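Before any comments, here is the structure.
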Amino acid sequence: MNELEARLLLANADDDRAALVTLYTEAADQSEDEDAAAFYLTHAYIYALELGAPQSGALRRRLIEMERETPSSGGL
C-alpha cells in the first residue's frame, strides 16, 4: 500500500471529509488512467458538495472537461 492509499484509508476511517476532498483530488492528479482519475474526482466532488467546499466548482469543471459530467443548461 502506498502512502496516499494509507492517508485515504485513515481519512475514511476518521470520516474526515475535508481531507477526503483533498486526498481524492490528489489521487486523481497522480492517476495515469483516465477512468481512475474520474473515479477519484467524482468522490472528491461529492465530498466537496456535502461540505459546501469552494473546490466543488473546479472539481465539476474538471469532470465536465473529462466528459464525465454534463454542463447545466439552466434546467433539469
Surrounding net charge for residue 39, when Lys and Arg each add one and Asp and Glu each subtract one, Cβ distance under 12 Å
-2
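Which loop GluC sites (Glu not before Pro) in the chain, with loop taken from DSSP, have no more than 14 other Cβ atoms within 10 angstrom of their Cβ?
32, 67
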For P(r) over Cα pairs in 10 Å bins from 0, in percent, one of [x] 20, 57, 20, 3; [y] 14, 14, 13, 12, 14, 16, 11, 7, 0; [z] 20, 50, 24, 5, 0 was computed from the structure I shared and the rest are decoys. Which label?
[z]
Per residue, what accessible area does the chain have, given a 1.4 Å probe and all protein chains present, in Å²?
67 Å²
List 59, 10, ordered by accessible area with a 1.4 Å probe, largest first:
10, 59
With +1 on each Lys and Arg Cβ and -1 on each Asp and Glu Cβ, how big is the dipole of the chain about its Cα centre, in debye rounded to the nearest 20?
380 debye
Which of 44, 56, 20 sits closest to the plus end of the dipole of the chain, meaning its Cα is farthest towards the positive end, when Lys and Arg get +1 and Asp and Glu get -1 on the C-beta?
56
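Report the extension gain between residue 61 and residue 4 in nm, rounded to one decimal, defined as 0.36 nm multiplied by the number of residues separating them, less their alpha carbon distance.
Stretched fully, the residue 61-residue 4 segment lengthens by 18.1 nm.
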Accessible-area composition of the chain, carbon plus sulfur, in percent [1.4 Å probe]
51 percent
Probe radius 1.4 Å, ligands and nucleic acids left out: which of 64, 46 has the largest accessible area, and how do the rest follow?
46, 64
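The values are calculated or read from the model by the stated rules, or taken from the named source; none is laboratory data. Everything quoted here is computed from the prediction, not taken from an experiment. Neighbour counts are summed over all protein chains in view; Cβ atoms, including those assigned to glycine, are modelled from backbone coordinates with ideal geometry. Remember, those area values only see protein heavy atoms, side chains included, never the ligands or the DNA or RNA. Shrake-Rupley method; radii C 1.70, N 1.55, O 1.52, S 1.80 Å.
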